[in-house]
Every structure is written in structure tokens, then in C-alpha cells.
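Inspection log for the structure reproduced underneath, given as C-alpha cells.
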Amino acid sequence: MSKDIRHSQMVSFAGYLPEKKVETTSFAAPRDLPRSLDFIRLTGILAHHEVSEQQGSFELAIEAAKKAISRAEIDPKSIDLVINSSVSKMDSELSQHLSPSYATLIANTLGIDNAQTFDVSNACASMMTSLMIADSRIRSGQAEYVLVVSGEHITPIIDEAKRRNLYLHPRAIASLTVGDGAAAYILGPSKEEGRIRFSKPFTLAQYNMHCIGQACKNHRGPQMRTKARDLQNGVLNNLGIFLQRAVKKMDIKWEEIDHSYSHPTTPKAVIKGAKIATEIFGEINFLHNDSAETANTASTTHGVLLEISQNRGYLNSNETVLMVSFGSGVAIIAMHFNLPEGVEKWS
């Protein structure tokens, strides 16, 4: 790569949802929950998607990556770095894959022959963290095109939660807010500065025990236990100062942001966060809060929401996007970028 190219840009992105759709009322109706909890009213989640019988995290990731490569109109062999950001890495048999890296397997499957490959793990903020790494590699001249990809097969934690007495295990209730999905981004070189900007990562380690995912002891697959109210309050109590610092660091003007996306832990939580942002900066031009029928797909949430927006004809070339990512820990990262040329014409 030429040493005089020190900037990066978003070349393409893609989201993918498996076909199977599950209505929230089928597993989280008031009769199923403690104190007849109205889960839909509380969260705003109407449904989610689940993998088919032969799908897992890997198969989901491949679908999103293929679409992103096609939209980028580049030869897969020109990609020289592949980063996988999956939290789950769960196959169809509910085994978690650890080695070789998922990134290596994805690259081999897609015919990306000469790329460096590795996985990044930072909870739901893994994909945003990976995009920061991709940007730095391109700006430093160590890479030209980078594929950042993730497939999340996390709905088994719903099944684990439903096996529990939720009166006795209330921290399992947050497990009902998830869905399966995949996302992929391709970053490439740009001679124009500022087409991608990142905030400084914001870490609040005092909340590191508020959301724990691990292997289930009694059944095959994962489980998650969450202090949902404490976790949400921790984010909301610190969101204002984070956004102020992020906007200043990225040197952007709030009123000039065309599209905004928050990590959709739930649609109702996004509304709460948007209220804080509006009180500080003023109205949000276009808040995309479209996860009512996808739920929280972990690291892939922003890519899934971008795909929905693109399919609905909301996105146009060179418009600006702000994405804010939250990860258990708590980690908060923001990214601001210009949409790729021709995004409105993608199939």
C-alpha cells in the first residue's frame, strides 16, 4: 500500500437475519413471567430471528460477509486483514469454537488467501473495537482493505432462561431480549481525511459484574445473568458526559449528523438515551430505532439496523452516520462516518 494514503473510509456494509422469526408473545407473555410482567411494554421487543437447523455463528457471518464483498465490488483476494468480532462463536450443536480463529475460517471459506486474521473479544462492543483497529491499520499503511465481520447465534440463552424458575432467577430475564443476526463491514483507503472518526473508548469497570455470559453448567450451550436495571442506569448516568467528550474528540457538529444509531439493548432503552442526548445537544435529525422485530443481536446490532435502513431507502451517498456502541463492562465507543458512494443503489 502506498505510504501517502493515511486515511480510511467505509467501502460497504451488510446485515443479515436468518429467516425464522419468533414472536415475543410465544415465550415471554405476561403469564410466563414473574408478577405477570408485561415484557413487550417494558422493552418494546415484538420478535426476534433465530438460526435454522444447520446454522450457527459461522454460517451467519459468511452470509453477511458475502453481501458486503459484493457491494464493495472488490476481489476477495485484495482483502489483507479479516477481523471476526463474534461474542458467541456458537455452532448449530451449541459448541463454542475457539481455535483456529473464526476469522481464519471465514477468510478460507471466502477465498481471502493472503490476509492476516484474528478475533477480537470486547462483549457487544467487539465490532466497534474491531473497526477502530481496522481504521488504524489502514491509516498506518499496514492494510488496504479490511473485512470486519460477526455472526451472533445467541438465542440459546433464551432457552436456558426459560428452563429456570424466573421468580428465583430474575437476572435471567434479560436473556429474553436477544436475537440472532450477522453484520459485516469493509473499510478501505481514502485520500480524504475524516470519512471515519472514532471517539476515545470509555470504560466503566465498576459495572463489570452486571452482565455475565458463560457456559451453562447443567445444559449444553450458554447462559447469561444480568442486573438489567443497574446496568442500564450505569450507561444512562454516564451517557451525557461520554457524548460530550465524543463529539468534541471527533470534531463533529451535532446538527450535521444525518443518521444516528444506538446499540439497541431494547427499543425503550434507546428512547431513554435519545432523551439525554436531545437535552444536551438538541434534536436528533434521524434516530433509527428499528430493533422491535430483531431484538439485541449483540456485536452485530448496528450492521443489522443499517441494513434495515438501506432496504427502506433511508440512506444516501455521503450522508453522515453516528453509531454508539455499548458493551458489558461497561465499554462505550462512538463512530462517525460518511456513507459509501452508491449505498442507495445496493441490492
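Using only Cα atoms and rounding to the nearest 10 degrees, what angle (0 to 90) does helix 301-311 make with the longest principal axis of the chain? Roughly 70 degrees, rounded to the nearest 10. For the chain, the longest principal axis of the alpha carbon atoms and the long axis of helix 267-281 meet at an angle near 50°.
So, counting K/R as plus one and D/E as minus one, what does the shell of residues with Cβ under 12 Å around A161 add up to? Mind showing how you got there, number by number?
Values: positive: K162, R163, R164, R171, R225; negative: D32, D159, E160.
Here the charged neighbours net out to +2.
Kirkwood radius for segment 55-98, taken over all pairs of different Cα atoms as the inverse mean of 1/r, rounds to 11.7 Å.
Going by alpha carbons, how many degrees (0 to 90, nearest 10) lie between the helix axis of 126-139 and the longest principal axis of the chain? Once rounded, one gets 10 degrees.
Counting only heavy atoms of the protein chains and using a 1.4 Å probe, K275 has close to 130 Å² of accessible surface. In the context of the full set of protein chains, the chain has a per residue accessible area of 44 Å² (1.4 Å probe).
Projected onto its three principal axes, the C-alpha set of the chain covers 62, 46, 37 Å, listed from the longest axis down. Stretched out straight at 0.36 nm per residue, the stretch from K77 to K275 would grow longer than its current Cα-Cα span by 66.8 nm. Dividing the summed -39500 (n - 2.57) terms of all DSSP H runs of n ≥ 4 by the residue count of the chain sets its mean residue ellipticity at 222 nm at -9000 deg cm²/dmol. Principal axis analysis of the Cα atoms in segment 239-325 yields extents of 32, 29, 21 Å, listed in decreasing size. Computed over segment 164-245, the alpha-carbon pair-distance distribution with 5 angstrom bins reads 3, 10, 15, 16, 14, 16, 11, 8, 5, 2, 1, 0, each value a whole percent. Taking every Cα-Cα distance in segment 13-60 and sorting them into 5 Å bins from zero, the calculated P(r) comes out as 5, 18, 22, 17, 13, 13, 9, 2, 0 percent.
I'm a student and want to see the number: the projected area of the Cα convex hull of segment 141-282, averaged over all directions, in nm².
Details: hull surface 45.3 nm².
That works out to 11.3 nm², a quarter of the Cα hull's surface.
On a per residue basis, the convex hull of the C-alpha atoms belonging to segment 193-347 measures out at 129 Å³.
For segment 58-73, 3J(HN,Hα) computed residue by residue from phi via the Karplus equation (6.51, -1.76, 1.60; θ = phi - 60°) reads 4, 4, 5, 4, 4, 4, 5, 5, 4, 5, 5, 5, 4, 5, 6, 6 Hz, glycine and proline entered as x. Applying 1/(1 + (r/R0)^6) with r as the Cβ-Cβ distance of F27 and Q214 and R0 = 25 angstrom yields a FRET efficiency of 0.70.
Give the carbon-plus-sulfur fraction of the accessible surface of the chain in %, rounded to a whole number; probe 1.4 Å, heavy atoms of protein chains only.
Details: 7180 of 15210 Å².
Percent of accessible area from carbon and sulfur atoms in the chain: 47.
Kindly flag which residue pairs out of K20/K268; K20/K275; K191/K272; K20/K162 have an alpha-carbon separation exceeding 30 Å in this structure. Long pairs (Cα-Cα over 30 Å): K20/K275; K191/K272. So what's the net charge close to N296: Lys and Arg +1, Asp and Glu -1, counting the other residues with Cβ under 14 Å from its Cβ? Around N296, the surrounding residues sum to -4. For segment 18-120, the Kirkwood radius over C-alpha pairs fed into Stokes-Einstein at 25 °C and 0.890 mPa s yields D = 153 µm² per second.
The values are calculated or read from the model by the stated rules, or taken from the named source; none is laboratory data. Just so it is clear, the structure is predicted and the values come from calculations on it, not from any experiment. Positions of Cβ are backbone-derived with ideal geometry, glycine not excepted, and every protein chain shown enters the neighbour counts. Protein only, heavy atoms only, side chains kept; ligands, DNA and RNA dropped before computing areas. Shrake-Rupley method; radii C 1.70, N 1.55, O 1.52, S 1.80 Å.
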